[in-house]
1. Please compute, for peptide B:68-75, the average count of beta-carbon atoms on other protein chains lying within 10 Å of each residue's beta-carbon.
2. For segment B:369-426, rounded, prolate or oblate, judged on the Cα gyration tensor with a ≥ b ≥ c (square roots of eigenvalues), a/c < 1.5 rounded, else prolate if a/b > b/c?
3. Which GluC sites (Glu not before Pro) in segment B:414-463 pass both tests, a DSSP loop state and at most 16 other beta-carbon atoms within 10 Å?
4. Can you tell me how segment B:1-133 classifies by the Cα gyration tensor, rounded, prolate or oblate, using a/c under 1.5 as the rounded cut?
5. Tally up the carbon and sulfur contribution to the accessible surface of segment B:414-565 as a whole percent, 1.4 Å probe, everything protein left in place.
6. Normalized C-alpha radius of gyration of segment A:205-337, against 2.2 N^0.38 Å?
7. How big is the dipole moment of segment B:1-139 about its Cα centre under a simple scheme where the beta carbon of each Lys and Arg is +1, that of each Asp and Glu is -1, and everything else is neutral? Debye, nearest 20, please.
8. Scan segment B:355-418 for trypsin sites (Lys or Arg not before Pro) in coil per DSSP, keeping those whose Cβ has at most 14 other Cβ atoms within 10 Å, and list them by number.
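The values are calculated or read from the model by the stated rules, or taken from the named source; none is laboratory data. All of these numbers come straight from a predicted model, not from anything done at the bench. Every residue, glycine among them, receives a Cβ derived from its backbone with ideal geometry; neighbour counts consider all protein chains shown. The area values use the complete protein model at the heavy-atom level, side chains included, leaving out ligands, DNA and RNA. Shrake-Rupley method; radii C 1.70, N 1.55, O 1.52, S 1.80 Å.
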Amino acid sequence: VKFNFAGGKCAKKNSGVLSHSELENMDSDAGNGATLQTSDVTSPTHSSQRTPRRHASHLASSPGSQGAGLFSSPPSHMPASEIDLSSPLSYGTPSSRIGLPTTKSGSTPIRPRNDIGTAGRLREVNLTTGPSDAVNGGDPVSSAVTSEGAEAHLVIWGTDVNVQDTKKKFKEFLETFVLESDEGGAQADKVEPPLYMARLDEVYLLEEPFLPIDCEHLKRFNADLYAQLVRYPQEVIPTLDLAANQLFSTNYPDMTLKHQIQVRPYNAEMTKNMRMLNPEDIDQLITISGMVVRMSSLIPEMREAFFRCSVCCNTTTVAVDRGRIAEPTVCSNCQTLHSMTLVHNLSLFTDKQVIKLQESPDDMPPGQTPHTVSLYAYHDLVDAVQPGDRVTVTGIYRAMPLRVNPRQRTVKAVYNTYIDVIHFRKADAKRLRDRDEESAEGLKKTFTAERIEELKQLSTQPDIYERLARALAPSIYENDDIKKGILLQLFGGTKKDFENTGRGRFRADINILLCGDPGTSKSQLLQYVHHLMPRGQYTSGKGSSAVGLTAYVMKDPETRQTVLQTGALVLSDNGICCIDEFDKMSDSTRAVLHEVMEQQTLSIAKAGIICTLNARTSILAGANPRMSKWDEKLTIVENIQLPHTLLSRFDLVFLMLDPQDEQFDCRLAFHLVSLYHITEAEKEGVHMDMTTLRDYIAYARSYLHPTLSEEAAQSLVQAYVDMRKIGSGKGAVTAYPRQLESLIRLAEAHAKMRFSTTVDIVDVEEAKRLHREALKQSATDPKTGIIDVSILTTGVSSSERARRESIAKEVKKLLQTKAKSGTQMKVDAILEQIKQSQMGVTPAQLQAALRLLQDEDFLTVSGQSVRIC
Amino acid sequence: MSDLIISEPLTVIQGLFEKGGKGDWGVEAFFSSHFATADDIEKVPSLNDRPLHALTDGCLVRYRCMIQDQFEPEYYLNTYQLVNTATGGKVLCCGKYRDVFNYPPNYELNEDPDVTITDERTTLYCVPIPAETEWAKAAFRRDTDGPVVEDERSSRRGTKRGLCDEGDGDDEWMDSDVQSVDGVSKRCKQHDGGHIEGDGGQKSLPGLDEKEISVSCLVKVYGDSIEQFKVASMVEFVGILSVSPSLACFDHNSSDPDQDLLLNPFAAEGAAERKAHSPPPSLVPRLHCILSRTLSHSNPLVTSGSLPLLKDSSAVGVARELALSVLTEVLLGDRLAAEYTLLHMLSSVYGRTEVLALGSFAVNISRCPVPRAQSLSFASSFFSVLQDLVPKCHILPMTLANMNTLRFTPKKDYETNRIQPGTLQFSAGTLLVIDETQLSPGRLNEQGVKNLASLCHLSRWQKIHYDFQYYNTEFNCDMPVMVFSEGRSMIKDNCEVPLDPVAMAPSGDRAIKRLTEHQLHNLREYLGVCREIQYSLPTEFQTIVGDDFVALRKVDPGVTADTLHHLLCLARLVSISYGCAEMSVEQWRHVRELELQRKNRLLRL
């Protein structure tokens, strides 16, 4: 084996501020690049310290000095060249170092990448003589690389990464990669510009020198390069940086950026659940998601220590390597021992922050506590996220040994693990809008092809609707229509966004209210739904204040920073919020729901924070009648004492009444006994299990966006017109546009349930049927027996309103005959008199009638007396 | 050989390691074959009973505990190599089952990644089973043998009791409104126990409480079996004790803390977390688990040998009658209440369908006599008897102060990255007695409302919310809840039994004192064994139950599905109280009879 000693003298690892490097000057094509000289003169003593030997000793290190090297560093018995990747780069032999610092005015400073590794120095090994086990460590990939080309192959030590090759490939990727549209080349004539060239253009325009790269794209372009990136991110990413910078400076030669472009790969395919991380992932590129729970304050991390001799004032700088400073013991100028002192304010520091990421609750197996992992964020990634954010992090997994004391002969062989963050992807408000696509992507990963096939198979079953409804809360007996309603709620309508055309966003979520006698397992149903949906929230109206439901502002006692704590409604964004004891809620709390249930946003103006949060949640509420037992003689509004403004925002209002029927009782008893009787195994066969149901719903929710077909639209219009017609004969309005919207949503949900991309007549029929069933239960006027939507929309049935008007007329007549203007009368007296002419007038009806008259300015009511104007 | 395994397990493991082999080099198989029977396991000293100073570092111990928290997995050196600096000779060593390794002076650690193997293990924060009663602890101790140990233990307890008495007195002086809750004789111990479960994690941290030395333990488990260790479950571990003082978290090694802070990246991570995760091993020892066994119950009298009791139906009958008579006496001569209480004591969650916790049976004893000043409340005197019967129970006086100041549910503290225990974090099978008679009118603050809600949630669904600040997570639990109240309890959805007293004065634990040692033993065994019966409902009962239900509904339209659930649950409990695994017609009749009596009493009182 012949080794090529390259780059014996390395350029000093320079700070971003001091160095003046020329990327364009890099002779990158020649295989032997020229070492660049920095414009500031490195002291000879200093550079002589940095011989390759030093690095070698580094790797053969004693316990205590070396960290990640335990995992990443290759065997130390090999001499090799050394590249300092965070400095002006040098690839080549000493002979080629002719030094050509043609300093242009527009040079871009380099900023070291702490996220890639503190020791950004890489060594290249020349493998000219072909495969060698000593060099490769038996790595087959590496051998393949070496054997295929005859020319000199410089490979980064311990890896199979060939710098030139990688650079070339990556440049090619940037220049040519075109995102294939999903239509699959249908628009062949329309030539899209290469995606990442457009991104570079953005860098040019925005002057933000970061280039995010989707690993998925890279993989599609070149799987080998991708594999290398994932396996050796510490080595490959600086190389990618180089390539990107060279490309950038060729395209935009006159542009000076703040610092060099940094490539930020994200979406590495090996997306890990936090629980699946294991020692094999160390030093690899990983992508995990979770929730930020804690952040440290900003930590200035020393990057370069500045020493001054207290005797002769000679100064020197020492780069910090893996958290350690090699403090010079001797002054190089006056040779005084131990005279060098650290000068803090001349040393260089980097911003750093420690973030704790906790596994998201959905990933947690039951009975286990969530795992957390530390993230180290550097530079502008500091404060990029906030506690409570759900983020997807791409970074390098690291392990650092924890040692008791380097001087003792005991070793505590435990490692501290953390992730050096390269990229954050926040599930933020802006992204949530196209969350469907994103979650669809995520689902592809969670669902195997077989599972999807299985679900599709299931959807073709003719009785799928009934099956799913039955699978929903099987322990709750019958109530099929209610279960169907909830099922459709779980699927939800199609999201429609017309904001661009100025018509706003339409609610796609279906809200359902269950009311009825206590003990009709409303709470159980709510609990079930809460457990079924991954983003379900369960609160009780009694215990929850407006604060707990919406969001509140809190002062962090430590930082004095105001933070927004979100409540149940915001937390269940894109999910379902189950509110039990809806009727027990205080008025102020209920007021919040008005906005949530139609606009699906939540406005907060508190402690100087004014914001609107998304709360696109379906609401499933349960309410008990006011008098503890449902009164058949009263309308729903009177029974549950909810404002009609709120009531009309529910798409479906179901009554869960206790049927007094022997047959029913018998079946119910049988059903319940079987719960105590049938063994687990038998139950599986009868019902679809919860996971299948969950997967089915998740799949439909994220993949299917059915649109109305022509006939379906016609049918809906017809249904609406019919509904209006029913009432018009009797002078009452029986349907409002809100009902039409409800019908559309229900029909869409039903289509989703069938895995259909269009809404067809069947869907509309079912939507109509369900809607009618719900209305039959809730909006029937107890006096006339006619379904009257105005009970739900205005709180008063039309017959009741007619009655009030007639009473008002009567009262007016009475008062006009009996009293002159300005006289007072007791309300009780009026009631007595009116009862003579009109039978069965209740005080409440009289009050309502008096209010009508007051509106006419005929009289004024004050307490128990009436004054005629 | 056996002695060597116990005193020098690491040497044995190193021996196995040198022989080679796949996976764990046959360590687990070796140990499980050696400790196959209960007798074998009992030879291993127990960390529960022996003081820490009586055990040596690196010896084999067993530990019976509840998992309170789980830490993140940690990576450690599974295999490492020592190089002799003088001769160059190399030795491979096993790094599993130990925290720290020492090496002889002329050796050096070889960190070559080719020979070092890194593996992961998980740390569990374990505490002795909370709310365990004295007799259960003593029974476990007796199992362990050794008069020497007993002596040591009792002398230690003696001093502890003294300390504790003082502390208790102080407490009563200091905060008289957080009432002391226990029977006079039991007060001291129980109070102490309250400390453990109240905030065991924090208390055992340095400088906070020196009383409960060696109570908690950090158990390190290996392999992929982590999923089986659930929070709040009871486990018995056999493993290697590790108390090397170097495990404690030192603040800084460096003389210059400033520089250290700048250079040591881990100084940035809260010192609080490091402190919480690596307390001094003299207070919280480490245990490297080799064998583990999840316990379904913690009754020392329920063993494979107690099955004959069930076969002898007359013995069961006698025990049942005895239990009823004791409970009747405690409950002021009310036999119906005693019957319901007995059923309650036997109840456990035996299955969950979707959200329902089948088998959970919460009881509310209403119309309790109001305690006169200075005297013990009725619930407390009942509790003092309960303590002598069941292995685990806890009383919660629902005073305004307790409601407003205690935190019932566990909460994640992100500062220390630990789950702080809540008052209600108990293992399965702990009887919870809630004394609502202590509640006085007043204002509940936010914490109070939350606490009340979690009590209701627990009673209804047998689930506890763990507060993770940004969201709540539900954990299933199994803690039968019994509420003593003057009127109808605030905690709804339970079975209300109004007390109909015959005698007036609470009898205290006289009923227990009268029993012979043998009778008491039988009683405890009966309660323990019956709880574990696997019950099934015979098919022919489906129609009987169904018909009865229809008939019931005809009479009373207020009968709902919940009523039927309740009846079926009662039926199961009555059956197992007779030691039967299947329901019989008489037992169903008995259930109906009980319910009828209760209904009538509800109407009457």
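1. Going residue by residue through B:68-75 and averaging, the value is 6.
2. Oblate is the answer for segment B:369-426, as a/c is 1.5 or above yet b/c matches or exceeds a/b.
3. Here the GluC sites (Glu not before Pro) that fit, given the DSSP loop and packing criteria, are B:Glu415.
4. It comes out prolate by the Cα gyration axes.
5. 52
6. 1.48
7. Here segment B:1-139 has a charge dipole of around 280 debye.
8. Listed in order of number, the matching sites are B:Arg372.
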